[in-house]
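So the structure is just underneath, and the comments pick up after that.
Values in this text are rule-based calculations from the coordinates and carry no lab data. Here the structure is a predicted model, which is why all the values come from computation and not from measurement. Positions of Cβ are backbone-derived with ideal geometry, glycine not excepted, and every protein chain shown enters the neighbour counts.
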Amino acid sequence: KSDFVATITHDLRSPLTVIQGALRLLPQLGQLNDEQSEFAQRASRSAEHMDRLISSLLDIGQIEAGVEMKMEPVQLSEVVEQVVANLQEEATGKRLTLDLELADDLSVVRGNPTRLVQVVTNLLDNAIRYTPEGGRVAVRASDDGGEVTVSVTDTGVGIPSQAKDHVFQKFYRVEGSQTRELEGIGLGLATVKSIVDRHGGRVWVKSKEGEGSTFYFTLPAMRGQGD
């Protein structure tokens, strides 16, 4: 199934590129009336959504295959600080309080820096998107019995109990009146789990509907410089 998905998504990229190019060229063929312009914009948005879906499918396929997963010693505190700095403006725009709590002398882990940035980015971006204005998001990292644990806590809409076992599945999206308007393709958390699994770690969530969520992931701490 994974090979099939990878092949199909790769083959879809070329015709989609042609469609997007044609849509961009439409205005050059003559003035569009309001209705034609609306239809063209709607088609362009749909094509962009499909392009993101294809990119995400190809990306998760590479992760599951272990492609571009070179491991090296990584200080997770630096990864977390980088992601928080990158998303601070987005949080400020929603009037969210964004807290960062890092343990002193956090253990080094063996991992792929780019992929670990992707993990923390996906979790923090979700927390910001699903937390109403004026809420709070906290990112924490600590040592915990030979593991490094990172958590992202929000005061957002929360997850229904029946959905918690499914949120890390591909294409799964929590349905509800508060989430229906938020754009997504249901691959962000599946990508997080795939990356963490590849690093020999664990990922899980604690949540109560209407009271927010905390997503956790752990990675094995390096025991020595020779490990």
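For the range 1-102, state which GluC sites (Glu not before Pro) are in a DSSP loop and have at most 14 other beta carbons lying within 10 Å of their beta carbon.
GLU68
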Computed Rg/Rh for the range 10-164 (Cα atoms; Rh = Kirkwood radius) stands at 1.09
Among LEU29, VAL74, ALA103, whose Cα projects farthest towards the positive end of the dipole of the range 1-110, with charges put on the beta-carbon of Lys, Arg (+1) and Asp, Glu (-1)?
LEU29
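Of the beta bridges DSSP finds with both residues in the range 12-144, what % are antiparallel, to the nearest 5? Could the numbers behind the result be given before it?
On the way: 4 of 10 bridges.
Close to 40 percent.
When N is the residue count of the range 86-202, what does its C-alpha Rg come to as a fraction of 2.2 N^0.38 Å?
Values: Rg = 14.8 Å, N = 117, 2.2 N^0.38 = 13.4 Å.
Ratio of Cα Rg to 2.2 N^0.38 Å: 1.10.
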Picking from PRO15, THR149, TYR216, whose Cα lies most toward the positive end of the charge dipole for the chain (charges on Cβ: Lys, Arg +1; Asp, Glu -1)?
PRO15
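Apply the a/c threshold of 1.5 to the C-alpha gyration tensor of the range 47-108 and tell me whether it is rounded, prolate or oblate. Don't skip to the answer; put the middle values down first.
Details: a/c = 4.19, a/b = 1.21, b/c = 3.46.
The shape class here is oblate.
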Contact order normalised by residue count of the chain, Cα under 8 Å, 6+ apart, percent:
19
Skipping prolines and chain starts, which residues have an amide H placed within reach, meaning under 5 Å, of the one on LEU96, given they are 5 or more residues away or on another chain?
GLY134
Under 17 Å Cα to Cα from LYS193, which lysines show up? Leave out anything in the same chain fewer than 8 places away.
LYS164, LYS170, LYS206
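Using DSSP to call loops (not H, G, I, E or B), can you name the trypsin sites (Lys or Arg not before Pro) in the range 1-108 whose Cβ has at most 14 other Cβ atoms within 10 angstrom? Could you put the intermediate results ahead of the total?
Details: sites: LYS1, ARG13, ARG24, ARG42, ARG45, ARG52, LYS70, LYS94, ARG95; in loops: LYS1, LYS70, LYS94, ARG95.
Of the trypsin sites (Lys or Arg not before Pro), the ones in loops of the range 1-108 whose Cβ has at most 14 other Cβ atoms within 10 Å are LYS1, LYS70, ARG95.
Where both residues lie in the chain, what percent of DSSP beta bridges are antiparallel, nearest 5?
So the antiparallel bridges in the chain amount to around 80 percent.
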